[in-house]
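The values are calculated or read from the model by the stated rules, or taken from the named source; none is laboratory data. Since the structure is predicted, the reported quantities are computational estimates derived from the model, not experimental observations. Here the Cβ is made from the backbone with ideal geometry for all residues, glycine too, and neighbour counts use every protein chain on show. Just the protein is used for accessible areas: all its heavy atoms, side chains included, with ligands, DNA and RNA removed. Shrake-Rupley method; radii C 1.70, N 1.55, O 1.52, S 1.80 Å.
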Amino acid sequence: ATPAEEPALVRFQAMKELTDAPDDLTLDYAPLPPAADGERRAAVVAARKEVLLAARAVCEAAGLRLAAVTPRPFVAAPLLRRLPDAAPD
């Protein structure tokens with residue numbers, strides 16, 4: 001896949017694993033190093049659109065602008081450790 005096709009390909013693959021309707025979710029991803037066999041990988045985060053809209057509304061009510069929403073580090077770290085070729089602790 002070309003770099004321009006990558007976002008659509010990642011979304012397609014991620015949606016095959018999720019049970020929510022695609023229109024209810026916002027996805028973001030970060031490329032990961034290739035697997036030992038050369039397979040390209042990505043870490044994908046899915047958030048329900050209603051949760052993002054609520055976070056934006058809270059910020060706006062407080063006079064702030066929402067700059068980013070990120071997964072909690074204590075959740076992301078164990079998930080990354082489960083990757084097949086992850087380094088041991």
The residue that is nearest to Arg11 (Cα to Cα), considering only those in the stretch 21-40 that are open to solvent by 60 Å² or more (accessible area, probe 1.4 Å) and in a loop (DSSP other than H, G, I, E, B), is Arg40
Flag if Val10 is of a type in the set (Val, Ile, Thr), in contact with a Phe, Trp or Tyr (Cβ under 8 Å, 6 or more places away or on another chain) and part of a strand (DSSP E or B): no
Please specify each residue of the stretch 52-63 satisfying the condition of being open to solvent by less than 90 Å² (accessible area, probe 1.4 Å), out of contact with any Ser or Thr (no Cβ under 9 Å at 6 or more places or on another chain) and in a helix (DSSP H, G or I). Ala54, Ala55, Ala57, Cys59
Unique match (being under 17 Å from Leu80 (Cβ atoms) and of a type outside the set (S, T, N, Q)) among Pro22, Pro33: Pro33
